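Here's the structure, in C-alpha cells; my notes come after.
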Amino acid sequence: MKHQKPGLLSTLLAVGVTAAILLGCTPPGPAVVVATARPTRPTAPSPPLPATRTPVPPTPAPAVNRTTQGRIQWDEIWRGEIRIVGDIIVAEGATLTIEPGTVVRVAANQDAANLFDWPYDMQQGVKQEHNYEYGVHLGEPYRDEGHHISIHILGTLHAVGTPQQMITITSDGPNPGIYDWNHLAIAHGVLSYSVVEYYRCMDPGDGTMISHNILRHVGECAVCANSSAVVEHNTISYAGHELVDMHNSSPTIRNNYVGPNPGHGGITIDGGAPQVVNNTIENCGVGIAFISAPGNPTIQGNTFSNNGEDIAHNY
C-alpha cells in the first residue's frame with residue numbers, strides 16, 4: 001500500500017504543534033491536544049516518630065509529700081514534704097518549681113542510685129595530701145559520691161519562698177553534719193527565701209539569682225560563684241572553706257551578711273572582675289582574701305567587724 005504525502009494543512013498543523021511545545025504554549029484549534037502533567041494532590045505529612053519521652057500536660061500536677069530520685073525530664077512541682085533518696089538531675093529545658101513552705105529532706109550519707117561517676121568524686125576516706133586538688137583539703141573526707149546525694153539542675157530552678165513561708169532544703173540525718181549531702185548545682189533560675197544547709201557546695205550558673213536565703217553549715221564553699229550569678233541579701237555562715245568564693249569570674253555579691261566563719265574566709269577572690277558591694281562581713285578568719293591579682297573588681301561599701309584580718313592579699 002502506498003503512503004500518501006501529507007497535505008499542506010497537515011504539515012502546518014504539525015509544525016504548529018512542534019512550535020507550541022517548544023515555546024511552552026498550546027496552539028489554537030480543537031484538533032490539537034497537548035498532553036500536560038496532571039497536578040498531584042498534596043500529601044499528608046508523615047506521622048512523627050514516637051517520642052522518646054512520654055508526653056505530659058503543660059501544667060503538671062504538684063508532687064505532694066513524696067519520695068523521689070533520678071532524672072526529671074519534664075516540668076515538675078514540689079509541694080509539702082519531699083524526701084530525696086538518690087541523685088536528682090533536672091534535664092535541660094525542664095523546670096523544677098519548689099513552692100513556698102516546702103521542706104526537702106535529703107537522705108544523709110547515702111545514695112540509692114548514683115548518677116555521677118567522676119573518678120575523683122568517687123573516692124572514699126580522708127584526704128592525706130596537702131594540696132588543692134579539686135577543692136578537697138588535707139584532712140577532709142573525700143566526696144564519696146557513691147554514698148552522697150547531689151542535685152543538678154541542668155534546666156531551670158524556680159524555688160521562690162516568702163518571708164513567712166520559706167523553703168527548706170536540709171539533711172534528714174538525726175545529727176546532721178556538713179558532709180551529709182554533696183552538691184547543689186543550678187544552671188539557671190532563682191533560689192530565694194530558702195534555708196539550705198548541711199550540704200558540701202553550691203554552684204550557681206550564669207545569671208542565676210541567689211537571694212534572701214539562709215545558707216549555713218556547709219562542707220566547702222557555701223556559694224561557689226564561678227559565674228555571673230547574682231548573690232544578694234543572704235545570710236551565709238559556717239563553712240569548712242570560705243563562705244563565698246570565685247575563680248576568674250564576675251559575679252555580683254551585694255548586701256549580704258557574711259559570717260560567722262571562724263578560722264576560714266568570708267569572701268575569696270581569685271582573679272576575675274566581681275562586684276563585691278555593701279556586704280557586712282563579721283567574725284571570719286579573713287574578711288576578703290585575694291589569692292591572685294583580680295582583673296577589674298568593684299570592692300566598695302563593705303563593712304568589716306571582728307575578723308582576724310579584714311582584707312588580705314596572698315599574691
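The values are calculated or read from the model by the stated rules, or taken from the named source; none is laboratory data. Please read these numbers as outputs of a predicted model, since none were measured by experiment. So basically every Cβ, Gly included, is an ideal-geometry build from the backbone, and we count neighbours across all protein chains shown.
Things to note:
- Of the residues in segment 96-113, at least one is at pLDDT below 95 and in a loop (DSSP other than H, G, I, E, B).
- Number of positions in segment 287-312 that are out of contact with any His (no Cβ under 6 Å at 6 or more places or on another chain), free of Cβ contacts under 8 Å to residues at least 40 places away in the same chain, assigned to a strand (DSSP E or B) and over 14 Å from residue 252 (Cβ atoms): 11
- On inspection, residue 91 qualifies as farther than 22 Å from residue 166 by Cα, surrounded by 10 or more Cβ atoms within 10 Å (Cβ to Cβ), modelled with pLDDT of 80 or more and among the small types (Gly, Ala, Ser).
- In summary, residue 161 fulfils each of the numbered conditions (1) touching a helix residue (DSSP H, G or I) at 6+ places or on another chain (Cβ under 8 Å); (2) surrounded by 16 or more Cβ atoms within 10 Å (Cβ to Cβ) with the single exception of condition (1).
- Looking across segment 120-132, the residues that are exposed (fewer than 11 other Cβ atoms within 10 Å of the Cβ) and either modelled with pLDDT under 95 or basic (Lys, Arg) (or both) come down to 128, 129, 130, 131, 132.
- Verdict on residue 179 being in contact (Cβ under 8 Å) with a residue 40 or more places away in the chain, over 19 Å from the mean Cα position of the chain (by Cα) and in a loop (DSSP other than H, G, I, E, B): yes
- Count of segment 199-254 residues which are in a loop (DSSP other than H, G, I, E, B) and either within 23 Å of residue 176 (Cβ to Cβ) or without any contact (Cβ under 8 Å) to a residue 12 or more places away in the chain (or both): 11
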